[in-house]
Amino acid sequence: MNATDALPFDPTRFDLTSARGVYDMVYQPAETALLKAARQAGCRTANGLGMLLYQGARALEIWTGRPAPIQVMRRALRKHIYGN
């Protein structure tokens, strides 16, 4: 996905202002065209970073039999995706 990709729906047939929230499973870029349009329309938005985090954490727990270091993993993902 690229930040410049077109919206995945026809905005003449669906008005984002009628949505309360929009979730885009994409995590990179952190804000897709869909999330940007939704935010501008006043929607709550979320990307796929949380889903990636918890899928990875669960996989690590299955492989190692130990609890995943969620906060460490979250910081690493945020640094990689957002640069902070």
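The values are calculated or read from the model by the stated rules, or taken from the named source; none is laboratory data. It should be emphasised that the depicted structure is a prediction, and the values quoted were computed from it without experimental measurement. Every residue, glycine as well, gets a Cβ built from its backbone with ideal geometry; the counts of neighbours run over all protein chains shown. Ligands, DNA and RNA are stripped out before the accessible areas are found, and what is left, the full protein with its side chains, is counted by its heavy atoms. Shrake-Rupley method; radii C 1.70, N 1.55, O 1.52, S 1.80 Å.
Points worth noting:
- When the charge dipole of the chain is built from unit charges on Cβ atoms (+1 for Lys and Arg, -1 for Asp and Glu) and taken about the Cα centre, the candidate among MET73, PHE14, GLY42 whose Cα reaches farthest toward its positive end is MET73.
- Accessible surface area normalised per residue over segment 1-58 is 68 Å², counting heavy atoms of protein chains with a 1.4 Å rolling probe.
- Apolar share of the accessible surface for the chain: 55 percent from carbon plus sulfur atoms, 1.4 Å probe.
- Estimated Rh, the chain: Kirkwood, alpha-carbon pairs, angstrom: 14.3 Å
- Residues of segment 40-65 with an amide N closer than 14 Å to a point placed 7 Å from the Cα of GLU31 along the Cα-to-Cβ direction: 40-47.
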